[in-house]
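Below is one structure, written out as structure tokens; the observations come after it.
What follows draws every value from the coordinates through simple rules; no lab data is involved. Being a predicted model, the structure only gives us computed values, none of them experimental. Neighbour counts are summed over all protein chains in view; Cβ atoms, including those assigned to glycine, are modelled from backbone coordinates with ideal geometry.
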């Protein structure tokens, strides 16, 4: 019963799959307040100048900067106060030579003025006369028209994951509805004659379904929409029928493939039956997660993830998350990583990437990563961990004190 | 018009506020599949042993380890195959001395057996005789009962933010409904006579509302539920009435407070009117974000955030996010930080914390942070940035090449 895996490295495996995936062409229009973490379907340009008028950045007085030149505490400039610019309205007055107008932070700079002197640097002499005790430069304390963004300038590229500031910036230029990429629909099938619903009472020899929950959550974190197809028994015809239906109704299919060689073989055969090009990768030089299957059925990626819950999660991050990002037309988030110092030596086997669960600990300004010991296939080692450390293919281990990247889970 | 701020450091300001906040006592029961990123309302213990029976981690044969001692390629142990353990069922047989039973990965170890020899280290001689060519130790390739988690052992503490692996781990022990802390309801009021709805066409002197969108998004990211109360004009009675209603209907109130001193004073007076203990902090030694107001009205935190959109976001991360975490009974996420090398010198003023927008760039294995130049109060500087760098109170700046922490936005 040899395992005839065509094993390749994790990076090669990911590239083999992702290079075949084209972004979904489906877009939906969505109001800005529901667009957080959605992905832009088109590049966006600003329809307006922001701001549309020159604004004061201070409470103070708008004036011609030249009128303040040379002003000091000992020798103030005396200028004539001609009025106040009301907030939210046209300035409605014109500042001439030797004049100034009161203006609030965010208010419009009146015609004729080219700078604002802060209220702290002035002194009211009488109702219409003001001392200015410090000079200001042209443009000082003023946001000119379009300094934030120009009309027709690019706001956001296509394939951008929308953050809070992006929504604010779109609101600022009046874009309140936006085309976003539809969430990829992802079918999840759990398999295994020993697996029962988490809510049921397992008989001797049975275990509760863990992977549907972890995979669904990871799918959500990837910006996609999980659809569970329940637990399918290890019968080839039922597996094939369910996989076919799940694939038809979704953009991608994940089969939590059971752990024994026979169920993995059955999963592989079922995946191969879904259509060309079929299986691209069967076996990856990593631990845990070696028996991962990566395939394409037409335009749709199909995954056979190993049944052990830790392998499932690690294989998801390495292969499914980037594939879903690609369906969304975006790139994987690169910043879910923390650099930390390793507390203990970690042994590994050269020729495979090892993934070791670790707990993070802040020690002063430094972050330390402590490996979580225990069998790597127990779900509770992941619960006790904050993430996993990758031990590269060509290393026989890592040393205490080494700086490592911890992928957060 | 002096600014009579009682300015304190960001750390002191946060402590002053957060020390007064007690976690919400409200919990809701929620099915596991909707519990991602919710916060546990109670500590959870496992109702069962996981696994409930000893399981094989390999495809192979269950046996008594002592029967394999001394076995080698040259001198195999010959053992009698008595049957196969079906997946998902009681083993249903007993392995005696000199016997073994076929077992699949995840299958139950039959009575009498104490180890599993991998299929790769065996050779079938005839239907009932097997050669074992390598010895196994007692417990080898076996997950004993409760190795993942013991009955009554703590699963998750109270105040834990639920991750994918936590949901899987709860499913594994049959917990499919869970008590989570209710999402804090957070009222958001925008103020300012110059501010109009983002969807409307601003007249000269008017600007579109940005802060309602950024604040709502940040509230969502904090695990709370935003409720917008729209844009309130700068009229004291209306401001007070709206603030009172918003606070009554929610667990916290955020007023985007306008930027001019007069509107800030009005906001402060309205907040003070909401009840004791009232304003705790008015002015923080930071830039941008100095005119931040932190208050408590009874048990409810109230925030007056400065009107400039960048100040709003930075003050939110520094003060509102930890306060909402406290309402949820959890701690702020500490790992939304990336350590990077600075590309350019950054000037600052000692005595205040400066926050500088920065873009991250991966250069080989290193991450570099490039300051985004431009006025710090423009929303598009945040769009062009990945996060902000903090320049500590006592520093006059940072040097190119310095290692800095970038808070991701």
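The table below lists the values:
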| item | result |
| --- | --- |
| Label zone at residue A:66 (point 7 Å along Cα-to-Cβ), backbone N below 18 Å, the stretch A:115-147 | A:115-117, A:135-140 |
| Max mean-square fluctuation residue, GNM over chain B, Cα-Cα springs under 10 Å, options B:206, B:362, B:235 | B:362 |
| Distance in nm between pseudo-label sites at residue A:80 and residue B:22 (7 Å out along the Cβ direction from Cα) | 6.4 nm |
| Percent RCO, i.e. relative contact order, over chain A, from Cα pairs under 8 Å lying at least 6 residues apart | 17 percent |
| Cβ nearest the rotation axis (A onto B), residue from chain A and distance to the nearest whole Å | A:339, 3 |
| Pseudo-label separations to other copies for residue B:139 - Cα-to-Cβ vector, 7 Å, nm | 7.3 |
| FRET efficiency for residue A:124 and residue B:272, using Cβ-Cβ distance with R0 set to 25 Å, rounded to 0.05 | 0.35 |
| Inter-chain Cβ neighbour average for residues A:84-91, partner chain, 10 Å | 5 |
| Ranked B:104, B:287, criterion: other C-beta atoms within 10 Å, fewest first | B:287, B:104 |
| Sequence-separation-based contact order of the stretch A:55-143, relative, with Cα cut under 8 Å and 6+ spacing, percent | 43 percent |
| The stretch B:66-212 shape via C-alpha gyration tensor axes, a/c threshold 1.5 | prolate |
| Euclidean distance between Cα centres, the stretch B:350-376 to the stretch B:42-120, Å | 57 Å |
| Degrees, to the nearest 10: B:211-221 long Cα axis against longest axis of chain B | 20 degrees |
| Residues B:352, B:183, A:365, sorted so that the one with the fewest Cβ neighbours within 10 Å comes first | A:365, B:352, B:183 |
| Other protein chain Cβ atoms within 10 Å, averaged over every residue that makes up A:220-229 | 1 |
| Pairwise label distance in nanometres, residue A:399 with residue B:396, each label 7 Å out on the Cα-Cβ vector | 4.0 nm |
| nm² value of the averaged projected area, convex hull over the Cα atoms of the stretch A:122-178 | 7.2 nm² |
| Protection proxy ranking of B:91-97, B:105-111 - average other beta-carbon atoms within 10 Å, highest first | B:105-111, B:91-97 |
| Average partner coverage of B:258-268, which counts Cβ from other chains inside 10 Å | 4 |
| Relative intensity, log₁₀ I(q)/I(0), of chain A from a Debye sum that treats every alpha carbon as a point, q = 0.10 Å⁻¹ | -0.77 |
| Residue B:197 versus residue A:9: modelled label distance in nm, points set 7 Å from Cα along the beta carbon direction | 5.7 nm |
| Helix B:261-272 axis, angle to chain B major axis (alpha carbon atoms, nearest 10°) | 60 degrees |
| Inter-copy spacing of residue A:384 label points, which lie 7 Å from Cα along Cα→Cβ, given in nm from shortest upward | 4.8 |
| Alpha-carbon centroid distance for the pair the stretch B:156-220 / the stretch A:217-267, whole angstrom | 33 Å |
| Radius of gyration, Dmax [the stretch B:346-409; alpha carbons; angstrom] | 11.6, 36 |
| Degrees separating the helix A:236-248 axis from the principal Cα axis of chain A, which is the longest one | 20 degrees |
| Å³ per residue enclosed by the Cα convex hull of the stretch A:1-111 | 275 Å³ |
| Computed [θ] at 222 nm, helices only, for chain A once each DSSP H run of length n ≥ 4 contributes -39500 (n - 2.57) | -5000 deg cm²/dmol |
| Order of B:117, B:155 under a 10 Å beta carbon neighbour criterion, fewest first | B:155, B:117 |
| Computed E for residue B:343/residue A:359 - FRET, C-beta separation, R0 22 angstrom, nearest 0.05 | 0.10 |
| Candidates A:81, A:170, A:360, ranked by Gaussian network fluctuation over chain A, Cα under 10 Å, top entry | A:81 |
| Per-copy distances of the residue B:245 label point, shortest first, in nm (7 angstrom along Cα→Cβ) | 5.1 |
| Radius of gyration, Dmax [the protein assembly as shown; alpha carbons; angstrom] | 31.7, 114 |
| GNM result for chain A, Cα springs below 10 Å: residue of A:317, A:357, A:89 fluctuating most strongly | A:89 |
